[in-house]
Amino acid sequence: MEEGDRVKAVCRGVVYEGILMPSTSEYVVLKLDNGYNIGIRPERVELLEKRHPASEERRVLVRREGLPEVSILSTGGTIASKVDYRTGAVSPKFDAQDIVEAIPEMGELANFNARVVFSILSENMQPSHWVKLASAVYEEIDGGADGVLIAHGTDTMAYTAAALSFMLCTPVPVVLVGAQRSADRPSSDSAMNALCATRVAVSDIAEVSVVMHGTTSDDHCLVHRGCKVRKMHTSRRDAFRSINAFPIASVSYPELELKVLSSHRRRGEAKLELHERLEERCALIKYTPGAPSELLDFYVDRGYRGIVIEGTGLGHVGSHWIPSIQRATEEGVLVVITSQCLFGRVCDRVYDNGRDMLRAGVIEGEDMLPEVALVKLMWLLGNYPPEEARRLVRMNLRGEIEEETRGEWYFPQPL
Ligand code: ASP
């Protein structure tokens, strides 16, 4: 018997039927008909049916006249893994044919060109990957794509979305999409997210956005601005939320009706530009009771050019950190303060420590998410002289800063 065969296994008197999966231990792994895998030590295994190599034959992908051209760039993560329902194997292979075969409704919306840029889990994504990905997106748009879809792991998708928001000026939609549950699980969000994301890729929303489930039901996806979004739950399918901003739009499922919820840049408004340089010597530090100020000194001593502090409340650190902030700013390091509250805006003019921090040279990060402030600092220091970068930190460049702080944007979001 080999992987992919359909077998019957008997374990402690219970009979299990399923597909034989790869296994590295003494356990036999079976993919059951409900999509879940089990590992058992059976007393007996019987072959029911050999796998059919014939199903590996590919159909020819038909391109339809008049449909928009969407480029799919795959970077890896759960959404980009293709599960062969017959063998149970998960492979990173992901081309236009795979996608349209797996989700035929996508073929009604666009013609696809697909390429694999990386095949990595997004926790392995580094700033150097953002640079390569931004260049790949630029090439696709420059080559005539009407929209770009990026399949990405969910863990660091918001960082990549923020990086692309700053690096690219785009005249067409650039949509990041992921999945919290893989395609072999009955509760998978892969297909619905991909379909809603395709709807956005052919829409008028010419921004970098993230499209993921809006609720735990399969009823709609939300379209989040790339520099205002965060993964707020480890496993829920509606883990992604806009923070200090309303989502740009929603897409109903299965109708795929797009409802615009806030203003956005329209198709063709911006000229395509790529500014991909980054200063990687930037860090994000969290202030906690008991955290030593040497954390700041550590980065300054190593030549870092920018530091974002995730402070408490309105944007504070304990007073023992202030001399190290002062030292950092005197050495030309940009120090930006954000809040670990995530919701709301920092204001260092209210309490004593805040005022001392301002005197020490700290820059208020307005209502930016700490990680967005980090990516913005990398980008500003990579593209502008430090004084200009200092001025631009507090200016809204890509929708990362909202003018007003509005209470009703509080999590969970109403629709
Ligand atoms: N850890 C995975 C990743 O971010 C999870 C996912 O794909 O959603 O790549």
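Counting the residues of segment 346-378 that are in contact with a His (Cβ under 7 Å, 6 or more places away or on another chain) and open to solvent by 10 Å² or more (accessible area, probe 1.4 Å) gives 2. Is it the case that segment 218-239 has a residue that's without any contact (Cβ under 8 Å) to a residue 60 or more places away in the chain, away from the ligand (no atom under 16 Å from the Cβ), open to solvent by 20 Å² or more (accessible area, probe 1.4 Å) and within 25 Å of N34 (Cβ to Cβ)? Within segment 218-239, one or more residues are without any contact (Cβ under 8 Å) to a residue 60 or more places away in the chain, away from the ligand (no atom under 16 Å from the Cβ), open to solvent by 20 Å² or more (accessible area, probe 1.4 Å) and within 25 Å of N34 (Cβ to Cβ). In segment 166-191, the residue that is nearest to L133 (Cα to Cα) out of those that are open to solvent by 10 Å² or more (accessible area, probe 1.4 Å) and away from the ligand (no atom under 13 Å from the Cβ) is C169. Please go through segment 259-280 and pick out each residue that is under 16 Å from T170 (Cα atoms), open to solvent by 60 Å² or more (accessible area, probe 1.4 Å) and not in a loop (DSSP other than H, G, I, E, B). Selection gives R266, E273. Taken together, the residues in segment 281-305 that are touching a helix residue (DSSP H, G or I) at 6+ places or on another chain (Cβ under 6 Å) and either open to solvent by 30 Å² or more (accessible area, probe 1.4 Å) or of a type outside the set (G, A, S) (or both) amount to 7.
Residues of segment 43-84 that are surrounded by 15 or more Cβ atoms within 10 Å (Cβ to Cβ), at pLDDT below 90 and in a loop (DSSP other than H, G, I, E, B): R51, L61, G76, G77, S81, D84.
Only residues that are open to solvent by less than 10 Å² (accessible area, probe 1.4 Å), in contact with an Asp or Glu (Cβ under 8 Å, 6 or more places away or on another chain) and within 16 Å of the ligand (Cβ to nearest atom) were counted across segment 94-149, and they come to 1.
Does G311 meet the test of being crowded, with 21+ Cβ neighbours inside 10 Å, of a type in the set (G, A, S), within 30 Å of the chain's Cα centre (by Cα) and closer than 18 Å to F166 by Cα?
Criteria not met by G311.
Within segment 100-133, the set of residues being under 20 Å from A194 (Cα atoms) and among the aliphatic types (A, V, I, L, M) comprises V100, A102, I103, M106, L109, A110, A114, V116, V117, I120, L121, L133.
The values are calculated or read from the model by the stated rules, or taken from the named source; none is laboratory data. Every value quoted in this text rests on a predicted model; they were computed, and no experiment measured them. Positions of Cβ are generated from backbone atoms using ideal geometry, with glycine treated the same way; all protein chains shown enter the neighbour counts. Side chains are part of the model used for accessible areas, which takes the heavy atoms of the whole protein and leaves out ligands, DNA and RNA. Shrake-Rupley method; radii C 1.70, N 1.55, O 1.52, S 1.80 Å.
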